[in-house]
Protein chains: 2
Amino acid sequence: MLASGVFDLLHLGHVKFLEEAKKAGGKGAELLVIVARDSTVLKMKGRKPVIPEDQRRALVEALRVVDEAVLGLEDFDIGDVIERVKPDVIALGYDQADMEKLVCEYVNKHGLDVKVVRVGKFAKDELSSSSQIREKIVEKFAR
Amino acid sequence: MLASGVFDLLHLGHVKFLEEAKKAGGKGAELLVIVARDSTVLKMKGRKPVIPEDQRRALVEALRVVDEAVLGLEDFDIGDVIERVKPDVIALGYDQADMEKLVCEYVNKHGLDVKVVRVGKFAKDELSSSSQIREKIVEKFAR
């Protein structure tokens, strides 16, 4: 069972995503999480995360639901990751549509037996995205 | 084993504090964490935490090291907490000097057999306090 993400400013939405991901893997599934490198986030979003990569990785691994958390590749390539990890199931979050496309393309092209599941957003929570948390902090504390 | 705190913007410093706390309880110790109410934080610091109390509690309980996390009392009183929980050991963080004083006074006054341990700060981490994280976000994202 493979899931991935940035996991900046860890919040309950992250935990629920990972719990749903693990559930999707069925009984006894082990959850490996790939935490995006600072450099990958910089390339994709034009800025680094607030929390450095080592700390984001360690915090994700401190969650009960996570069996192992590793940092992503410096030159991120989803094909490389799939070939190395050989997951049975890959879980993707509500905000990972681009990644889902890449994963499905790769899996179909290479005829791999990998199940791809999409895990929903948890709308009920007031602060279940890192950008909402950032915005609230700026609003409250910026002068 | 009892530890308490606000745990706003959960970070690696929190996890290390809780791991040290559990270790101080000895082999087989169970770690109960009391997460401060929004109203208690407002009273003590003059502002509410960024993350609401239910989400802070659930995130703390999602950590492998934590056996149970509960919200504090609306009218926080350390004596009440000690009498209800009856902990063998109480762990206090580097920034809980005031709480340590209250705990020790109560324990001594009532002749209780409770060990009080102080768990150190983890200076190596760049972002191991919630206020540092807030400051970094304001710096980066406020316009």
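The values are calculated or read from the model by the stated rules, or taken from the named source; none is laboratory data. Keep in mind the model is a prediction, meaning the values are calculated, not measured. Cβ atoms come from the backbone with ideal geometry, glycine included; neighbour counts cover every protein chain shown. We work out accessible area using only protein heavy atoms, side chains counted, and drop any ligands, DNA or RNA first. Shrake-Rupley method; radii C 1.70, N 1.55, O 1.52, S 1.80 Å.
Key figures
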quantity: Residue in the stretch B:93-143 that is most open to solvent (accessible area, probe 1.4 Å), counting only those that are at pLDDT below 90 and among the hydroxyl-bearing types (Ser, Thr, Tyr); calculated: B:Tyr94
quantity: Qualifying positions in the stretch B:19-51 - closer than 14 Å to B:Pro87 by Cβ, touching a residue at least 60 places away in the same chain (Cβ under 8 Å) and open to solvent by less than 10 Å² (accessible area, probe 1.4 Å); calculated: B:Ala21
quantity: Test: B:Ile90 is surrounded by 21 or more Cβ atoms within 10 Å (Cβ to Cβ) and more than 21 Å from A:Lys136 (Cβ to Cβ); calculated: yes
quantity: Where A:Ala58 falls short, out of the listed (1) within 15 Å of the chain's Cα centre (by Cα); (2) farther than 24 Å from B:Arg56 by Cα; calculated: (2)
quantity: Checklist (1) under 29 Å from B:Ala69 (Cα atoms); (2) within 14 Å of chain B (Cβ to nearest Cβ) applied to A:Lys45, failing item; calculated: (1)
quantity: Test: residue in the stretch B:66-85 that is under 15 Å from the mean Cα position of the chain (by Cα), within 14 Å of chain A (Cβ to nearest Cβ), open to solvent by 10 Å² or more (accessible area, probe 1.4 Å) and closer than 23 Å to A:Ala58 by Cα; calculated: yes
quantity: Number of positions in the stretch B:90-107 that are touching a residue at least 40 places away in the same chain (Cβ under 8 Å) and more than 30 Å from A:Arg57 (Cβ to Cβ); calculated: 2
quantity: Residues satisfying the stated conditions in the stretch A:9-33, i.e. farther than 11 Å from A:Arg56 by Cβ, away from chain B (no Cβ under 13 Å) and of a type outside the set (Asp, Glu); calculated: A:Ala21, A:Lys23, A:Ala24, A:Gly25, A:Gly26, A:Lys27, A:Gly28, A:Ala29, A:Leu32
quantity: Tabulated pairs, the stretch A:67-86, first without any contact (Cβ under 8 Å) to a residue 24 or more places away in the chain, second open to solvent by 70 Å² or more (accessible area, probe 1.4 Å), C-beta under 9 angstrom, 6+ apart or interchain; calculated: A:Glu83/A:His110
